[in-house]
Amino acid sequence: MHSLAWLIAANAIGVLLAAMLLWPEINDWIAPLTYGRWMPLHLNWNLYGWCALPLVGVLFWFYLPDDRNAERSANLALWLWTAALFYGGITWLCGRSSGRMFLDWSHEARVFWSVSLFFLWLVLWWQSRRRGRVHFWAQCLLLALLVVPFLLYWAADVSVYPPINPRSGGPTGASLLGSTLAIVGISGVLPFLLRLEWIGPRRGVRRAYAYCLALSVSLYAGIDHGHVSHHRLDQIAGLGSLVIWIPLVWIYARVYRWSAASHSWLLAAFLWWLILVMSGLWMFLPGISERLKFTNALVAHSHLAMAGFVTSLHMAVLLNLVRNRPTRAWSFWLWQVGCVTHIAALFWLGWREGDDPSLLYTRGGFADLCYGLRLISGVAMLLASLGWLWDLCLKQNDSATL
């Protein structure tokens, strides 16, 4: 419920931002709460609310014992997380931001957020000891997670690196490869944390996944990590190596017994994954990158990753945590069609924008057509997410009555 509530809040702000792009005079009506004040809420509430909390739910499922003590501790950690995220939103609306995308935490909000993360870790550590024997790899994972609160606190410091780095030309093949391999790693460990049953050839697929991940990480470590050009062959080859993960992720997922309610979401996640990898490689190529850099096409690609792939994967995760509570078909298709429309409109605009940036400054022209499609699709996705939370609340009430 926390996950879906943050998704709805972030989507509602996204609809407001889409309306501001279509009708800029809205900024005058609600000043000083203008576009720049709302954008950190949309980004951070999506990342730290919707994109993070389903994974927190997986950690609770794996590490916590099934008793009232663990439930109370988990609820306290969730409400502290929510309070810190809400307080961060207030500070961003007040204009108190570091200016660093996804690291906007500053002053006391930075401390509050880090404390909430550390408290969550303490709950996981203490309750896992109560649960009993935990596998060695799970203990190592828990120890690795201890670094996160301190790392985020350090990274949010504006003195670490500036909000705008004049020495950087943008993402490199190495940075894109590293972030994608992190997703591959999380996807690999998810079935273990969800305690899914094996239904396929266990050792062969698991070894292939582990060996390929080790080779990919070795490749990532071997290519240049500096401010290098996207014309460099090692950067292109590193990003191109992700193509092998398209079939491997599909094969790996199929050897587990997932909840029947999550099958459509898993298929959608794989299709978004396919498009994400292939389009990311194509957009990084010389000639294409120059045209699309700093345009709405990159905004489209980020939504492809977050609203397309991550949302579909997280819905599948949630449906394996709360089994026998499938989403309704209309909400599934409303989200997917809205997401496709949203991404297509922004990419179409970005492609044209790369050739003629002036079209963004003409009212009633091509840009407004694309921004209008973005607004309509945003409303559709907001309605779909409201439907998910409504269904979950109704089914919880039905369960309580029974």
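Is it the case that the range 267-282 has a residue that's β-branched (Val, Ile, Thr), closer than 25 Å to His303 by Cα, touching a helix residue (DSSP H, G or I) at 6+ places or on another chain (Cβ under 7 Å) and without any contact (Cβ under 8 Å) to a residue 40 or more places away in the chain? Checked against the condition, which is being β-branched (Val, Ile, Thr), closer than 25 Å to His303 by Cα, touching a helix residue (DSSP H, G or I) at 6+ places or on another chain (Cβ under 7 Å) and without any contact (Cβ under 8 Å) to a residue 40 or more places away in the chain, the range 267-282 yields at least one hit. For the range 213-244, residues that are in contact with a helix residue (DSSP H, G or I) (Cβ under 7 Å, 6 or more places away or on another chain) and either of a type in the set (A, V, I, L, M) or crowded, with 18+ Cβ neighbours inside 10 Å (or both) total 16. Which fully enclosed helices (runs of 4 or more DSSP H) of the range 1-66 have 2 or more residues being closer than 26 Å to Leu117 by Cα? Hits in the range 1-66: 2-22, 35-44, 53-63. Among the residues of the range 323-335, not a single one is assigned to a helix (DSSP H, G or I), modelled with pLDDT of 90 or more, of a type in the set (Phe, Trp, Tyr) and over 26 Å from Pro54 (Cα atoms). When the residues of the range 75-88 are filtered to those that are surrounded by 20 or more Cβ atoms within 10 Å (Cβ to Cβ) and free of Cβ contacts under 8 Å to residues at least 60 places away in the same chain, the one that is nearest to Ser187 (Cα to Cα) is Ala77.
When Phe86 is tested against (1) closer than 26 Å to Gly308 by Cβ; (2) part of a helix (DSSP H, G or I), exactly one condition is not met: (1). Would you check if there is a residue in the range 96-116 being touching a Lys or Arg at 6+ places or on another chain (Cβ under 8 Å), assigned to a helix (DSSP H, G or I) and not small (Gly, Ala, Ser)? Yes, there is a match, as at least one residue in the range 96-116 is touching a Lys or Arg at 6+ places or on another chain (Cβ under 8 Å), assigned to a helix (DSSP H, G or I) and not small (Gly, Ala, Ser).
One line per residue, one yes/no per condition, for (1) among the hydroxyl-bearing types (Ser, Thr, Tyr); (2) farther than 21 Å from Pro54 by Cβ:
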residue: Pro65; (1), (2): no, no
residue: Ser73; (1), (2): yes, no
residue: Gly88; (1), (2): no, no
residue: Arg96; (1), (2): no, yes
residue: Leu103; (1), (2): no, yes
residue: Val111; (1), (2): no, yes
residue: Phe118; (1), (2): no, no
residue: Trp126; (1), (2): no, yes
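Scoring Tyr63 on the criteria (1) surrounded by fewer than 20 Cβ atoms within 10 Å (Cβ to Cβ); (2) in contact (Cβ under 8 Å) with a residue 40 or more places away in the chain; (3) closer than 24 Å to Leu190 by Cα leaves a single failure, condition (1). Identify the residue in the range 291-324 that is within 18 Å of Ser385 (Cα to Cα) and among the hydroxyl-bearing types (Ser, Thr, Tyr) and, among all such residues, is surrounded by the fewest Cβ atoms within 10 Å (Cβ to Cβ). In this case the residue turns out to be Ser312.
The values are calculated or read from the model by the stated rules, or taken from the named source; none is laboratory data. Keep in mind the model is a prediction, meaning the values are calculated, not measured. Positions of Cβ are backbone-derived with ideal geometry, glycine not excepted, and every protein chain shown enters the neighbour counts.
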